[in-house]
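Structure record follows, encoded as structure tokens.
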Amino acid sequence: MILIVVLDDKGGMLFNKRRQSQDELLRMRIIELSKDSKLLMNAYSAKQFANNKIPNLQVTPDPLEEAQAGQYCFVENIKVDNCEPQLEKIVIYKWNRRYPGDLYFNIPLEEHGWNCVSSSDFPGSSHEKITEEIYVKADRENEQ
């Protein structure tokens, strides 16, 4: 499974039990990234994609349980540490801002052997700069 998350500078995913932000250009990037596979997410996350036609989208109550190898899983309001053994790759989008948070990304990347193999910035529709970082386990880097 390939995990997709959006974080602030402190690793926050949610504040006041709602998403930190939503960005149309980021949604387009996620749709493009996942176009050759299934894209799983829960109903909460699917709401921000409601105006997009996504033929490979699967809305499910537990996307982290259902996602298979090679499939993308976008999460905003779910703790992700329990799914780490199934992860092939982690795609992190950073808002480059600090927000109050009540749910945080809880995988210690460096401690668990995740290496950043790609980092790039792009302009968003609501944020001047969004950073995309792609992580793989050290033992899987040659598969990229």
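Could you please state, rounded to a whole Å, how far the C-alpha centre of region 42-117 is from the C-alpha centre of region 11-41? Cα centroid to Cα centroid, the span is 8 Å.
Remark: the chain carries a charge dipole of roughly 600 debye about the Cα centre, counting +1 on each Lys and Arg Cβ and -1 on each Asp and Glu Cβ. Of the solvent-accessible surface of the chain, computed with a 1.4 Å probe over protein heavy atoms with every protein chain present, carbon and sulfur atoms account for 45 percent.
Residues Lys17, Lys35, sorted by accessible area with the largest first, give Lys17, Lys35 [1.4 Å probe; ligands and nucleic acids excluded]. Calculated [222 nm] ellipticity per residue, helices only, for the chain: -3000 deg cm²/dmol; basis is -39500 (n - 2.57) per DSSP H run with n ≥ 4, divided by all residues, nearest 500. With protein chains left intact and a 1.4 Å probe, residues in region 1-97 average 48 Å² of accessible area per residue.
The values are calculated or read from the model by the stated rules, or taken from the named source; none is laboratory data. It should be emphasised that the depicted structure is a prediction, and the values quoted were computed from it without experimental measurement. As a convention, Cβ positions derive from the backbone with ideal geometry for all residues, glycine included, and neighbour counts pool all protein chains shown. Calculation scope for accessible area: heavy atoms of the full protein, side chains included, ligands and nucleic acids excluded. Shrake-Rupley method; radii C 1.70, N 1.55, O 1.52, S 1.80 Å.
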